[in-house]
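Novice: Pasting a structure below so you can have a look.
What follows draws every value from the coordinates through simple rules; no lab data is involved. Everything numeric in this text was worked out from a predicted model, so none of it was measured. Here the Cβ positions follow ideal geometry from the backbone for every residue, glycine too, while neighbour counts run over all protein chains shown.
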Amino acid sequence: MSFASLWRVLVLAAFCSGARAAIGPVTDLDIVNKVIAPDGIQRNTVLAGGTFPGPLIVGKKNDRFRINVVDKLVNETMLTDTTIHWHGLFQHTTNWADGPAFVTQCPITTGNDFLYNFQAQGQTGTYWYHSHLATQYCDGLRGAMVIYDPYDPHAHLYDVDDESTVITLADWYHTAAPLIPGIPLSDSTLINGLGRWAGNPTSELAIIEVEHGKRYRFRLVNIACEPNYNFTIDGHSMTVIEADGQNTEAVQVDALQIFAAQRYSIVVNANQPVGNYWIRANPNRNNATGFANGINSAILRYKGAPVEEPKAKSTPVKRFLDETDLHPLTHPAAPGHPYPGGVDYALNLKLGINQNLTEFNINGVPFVPPNVPVLLQILNGTLDAHQLLPAGSVYSLPPHSTIELSIPGGVIGGPHPFHLHGHSFSVVRSAGSDKYNYKNPVRRDTVSIGDANDNVTVRFRTDNPGPWFLHCHIDWHLQAGLAVVFAEDTKDTKFANPVPQSWKDLCPIYDEAQHNGW
């Protein structure tokens, strides 16, 4: 074999295993257009670092991240501007670095760069990053992020936790997001950037290699634009130890449902006979569900196993993860008093949709991005939510208070996963349950609001001044208006979040580009 041929084999092996070189916490991150074919069908994309998913960004507890995002985009269909949101990071004192376009910043324009400079104070666990401009992340700009804890309280439960044990689940579309007609439906599921589509299920699958007798902490990240996935590994149980960056008491299951933007850490013991086992991620919506010919699948391969696809059929599920079975490892009690409405401020958010089924709303108002970012409006002296734009979509939250949000389910297109920026929250009532748990409910930052019989309720404390987005993380629904902004402690926002000159320059540069038609 020639050197060039050997190099191609080694690169493909690394790509298929999902083990790619991690970057961070200080790094440049080029945002580029590139033609790729992760499921065998070529298409142009928007990528971080030129890969899908983008490079794994890593750091340690209390690291300062300095990520310089360089916009090299040229494809106008998928937008040449961009922003990056660091999903799950609270951005305490750096609200300006949170990333959602026209909430906390103007977009970065092509040919320019912007330094996201923030410290993830006290946070550890599994996170991710993605474009937060229109539906751009559906065209590829998404990747995983891990902050390691040198003193992880769960460290005794596993032997391996590195870039090879991160598993991303993604929906993939053969058409650019702005050009998809009607209600989008993904063409394939990609696991660690590889997958098959039903029209020609012959492309490579991701391979995750394990060694018999070792225990692996797999960090499972749903980076999809829409689907939730039922996730299983044939022949293997999973012990859940983390949800959305929050350590949980260990819970053993055979399967779990993971919604868009959620993360779980699961410990898997490689204690089965050496061989190949299907990893399955069945989407709730896709052009093809199920597992025929290896769609919606990857391969768990034991070291020493033959290089072949698994032959076994799926194993029965006896223990399915129920969100109410998850409890925080530390400080388990929900904020406020242990009864409904036992908080300083309670807010009900009623979801709706127009007659044409084209525009969502919350409490009767669809979210339409303002021309001036909400943060900039506040810094310029507009402190009353009633005067902040977009009108009717901004809610004031008092400082140093306990907050309760209730979000009834039932609006079309569900179940809707809702994500709150700047905070985690205690889920005192979960989807599928009519019981309230104030003693030890799971803490997370993204929750399914369930169906028409549900009234999912969450609580958090206002200890982080700034405007924070709350939105459905089905990106198509966010684009159609399913969001609000919480203006938390507007009086202290300017003092708590000093902004750099580079942030101040974003809007003038963006406005000039729009005026000149760049």
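Novice: How large is Rg/Rh for region 120-203, to two decimals, with Cα atoms and a Kirkwood Rh? Mind showing how you got there, number by number?
Specialist: Details: Rg = 16.9 Å, Rh = 15.5 Å.
A ratio of 1.08.
Novice: Efficiency by 1/(1 + (r/R0)^6): what FRET value for Asp322 and Leu347, r their Cβ-Cβ distance, R0 = 25 Å, to the nearest 0.05? Mind dumping the intermediate values first?
Specialist: Working: r = 26 Å, r/R0 = 1.06.
So the FRET efficiency works out to roughly 0.40.
Novice: Determine the relative contact order of region 17-116: mean sequence separation of Cα pairs under 8 Å and six or more apart, normalised by residue count, in whole percent.
Specialist: Working: 173 pairs, mean separation 27.1, N = 100.
Averaging sequence separation for qualifying contacts and normalising by length gives 27 percent for region 17-116.
Novice: Using every alpha carbon pair in region 48-205, what percent of pairs falls into each 10 Å bin from 0 up to the bin containing the largest distance?
Specialist: Taking all Cα pairs of region 48-205, the binned fractions are 10, 34, 34, 18, 4 percent.
Novice: Shifting gears a bit: Determine the shape class of region 443-518: with a ≥ b ≥ c the square roots of the Cα gyration tensor eigenvalues, call it rounded for a/c under 1.5, and otherwise prolate if a/b is greater than b/c, oblate otherwise. Spell out each step's value before the answer.
Specialist: Numbers: a/c = 3.63, a/b = 1.45, b/c = 2.51.
It is oblate, given that a/c is not under 1.5 and a/b is not larger than b/c.
Novice: Something else now. With no solvent and one point per C-alpha, what does the Debye sum give as log10 I(q)/I(0) for region 384-518 at q = 0.15, 0.17, 0.18, 0.19 Å⁻¹?
Specialist: Values, matching the q order: -0.85, -1.01, -1.09, -1.17.
Novice: If you compute percent of Cα pairs over 41 Å apart for the structure shown, which of (i) 15; (ii) 44; (iii) 26 do you land on?
Specialist: Recomputing percent of Cα pairs over 41 Å apart here picks out (i).
Novice: Mind checking which of Asn464, Leu388, Gly409 is farthest towards the positive end of region 361-509's charge dipole, using Cβ charges of +1 (Lys, Arg) and -1 (Asp, Glu) about the Cα centre?
Specialist: Asn464
Novice: Another question, if that's okay. Taking only the Cα atoms of region 70-152, how large is their convex hull per residue, in Å³? Can you show the working numbers first?
Specialist: On the way: hull volume 7.7 nm³, N = 83.
Measuring per residue, one finds 93 Å³ for the Cα hull of region 70-152.
Novice: Taking the chain as the reference, fit the longest principal axis to its C-alpha atoms, fit the long axis of helix 3-17 to the helix C-alpha atoms, and give the angle between the two in degrees, 0 to 90, nearest 10.
Specialist: 60 degrees
Novice: Which of the peptides 340-346, 361-367 is most tightly packed, and how do the rest follow, going by the mean number of other Cβ atoms within 10 Å of each residue? The partial results should precede the final answer.
Specialist: On the way: 340-346: 15.6, 361-367: 18.0.
Ranking, from highest mean packing down: 361-367, 340-346.
Novice: Compute the helix-to-body angle for 501-516: its Cα long axis versus the longest principal axis of the chain, expressed 0 to 90° and rounded to tens.
Specialist: Compared with the principal axis, the helix lies near 90 degrees.
Novice: Can I ask one more? Which of rounded, prolate or oblate describes region 265-310 when judged by the alpha-carbon gyration tensor and an a/c cut-off of 1.5? Show your work: numbers first, answer last.
Specialist: Numbers: a/c = 3.89, a/b = 1.64, b/c = 2.38.
The shape class here is oblate.
Novice: Rounded, prolate or oblate for region 281-362? Axes are the square roots of the Cα gyration tensor eigenvalues, ordered a ≥ b ≥ c, and the cut-off for rounded is a/c under 1.5. Working shown, then result.
Specialist: Working: a/c = 3.88, a/b = 1.59, b/c = 2.43.
Oblate shape, in that a/c is at least 1.5 and b/c is the bigger or equal ratio.
Novice: Also, quick follow-up: When only C-alpha pairs under 8 Å and at least 6 residues apart count, what is the relative contact order of region 358-442, in percent? Please list the in-between numbers first.
Specialist: Numbers: 40 pairs, mean separation 13.4, N = 85.
With pairs under 8 Å counted, the relative contact order is 16 percent.
Novice: At 222 nm, what value in deg cm²/dmol follows for the chain if DSSP H runs of at least 4 each add -39500 (n - 2.57) and the sum is divided by all its residues, to the nearest 500? Working shown, then result.
Specialist: Values: 5 runs with 49 residues, N = 518.
Value at 222 nm, helices only: -3000 deg cm²/dmol.
Novice: Still on this structure, please answer the following. In bins 5 Å wide, starting from 0, what share of all Cα pairs of region 242-333 does each bin hold, as a percent?
Specialist: Answer for region 242-333: a P(r) of 3, 11, 17, 20, 19, 14, 10, 4, 1, 0 percent.
Novice: Taking the Cβ-Cβ separation of Lys311 and Ala21 as r and a Förster radius of 30 Å, what is the calculated FRET efficiency to the nearest 0.05?
Specialist: Details: r = 33 Å, r/R0 = 1.10.
Here the calculated transfer efficiency is 0.35.
Novice: List the residues whose amide H sits under 5 Å from the amide H of Arg285, counting only those 5 or more places along or on another chain, with H placed 1.01 Å from N in the peptide plane.
Specialist: Asn228
Novice: For region 31-95, how big is the tail of P(r) above 18 Å, as a whole percent of Cα pairs?
Specialist: Values: 993 of 2080 pairs.
Here the long-distance tail beyond 18 Å is 48 percent of all Cα pairs in region 31-95.
Novice: Please compute P(r) over all alpha-carbon pairs of region 327-369, binned at 10 Å starting from zero, and give each bin as a whole-number percent.
Specialist: Reading the bins upward from 0: 22, 27, 24, 24, 3.
Novice: Evaluated at 37 °C with a viscosity of 0.692 mPa s, what Stokes-Einstein diffusion coefficient in µm²/s does region 306-400 have when Rh comes from the Kirkwood expression over alpha-carbon pairs? Walk me through the numbers on the way to the answer.
Specialist: Working: Rh = 19.0 Å.
Translational diffusion coefficient: 173 µm²/s.
Novice: Then there is this: Quick one: compute the contact order of region 206-338, relative version, from alpha carbon pairs under 8 angstrom and 6+ residues apart, as a percent. Could the numbers behind the result be given before it?
Specialist: Numbers: 288 pairs, mean separation 42.1, N = 133.
Relative contact order, region 206-338: 32 percent.
Novice: Another question, then. Give me the net charge for the shell around Gly422: Cβ to Cβ below 12 angstrom, other residues only, Lys and Arg +1, Asp and Glu -1.
Specialist: -4
Novice: With each pseudo-label sitting 7 Å past Cα toward Cβ, what's the Asp505-Asn440 distance in nm, one decimal?
Specialist: Going by the 7 Å Cα→Cβ label model, 5.2 nm.
Novice: To the nearest 0.05, how large is the calculated FRET efficiency for Gln121 and Ser396 if R₀ is 22 Å and r is the Cβ-Cβ distance? Intermediate values should be presented prior to the final figure.
Specialist: Details: r = 25 Å, r/R0 = 1.13.
Calculated value: 0.35.
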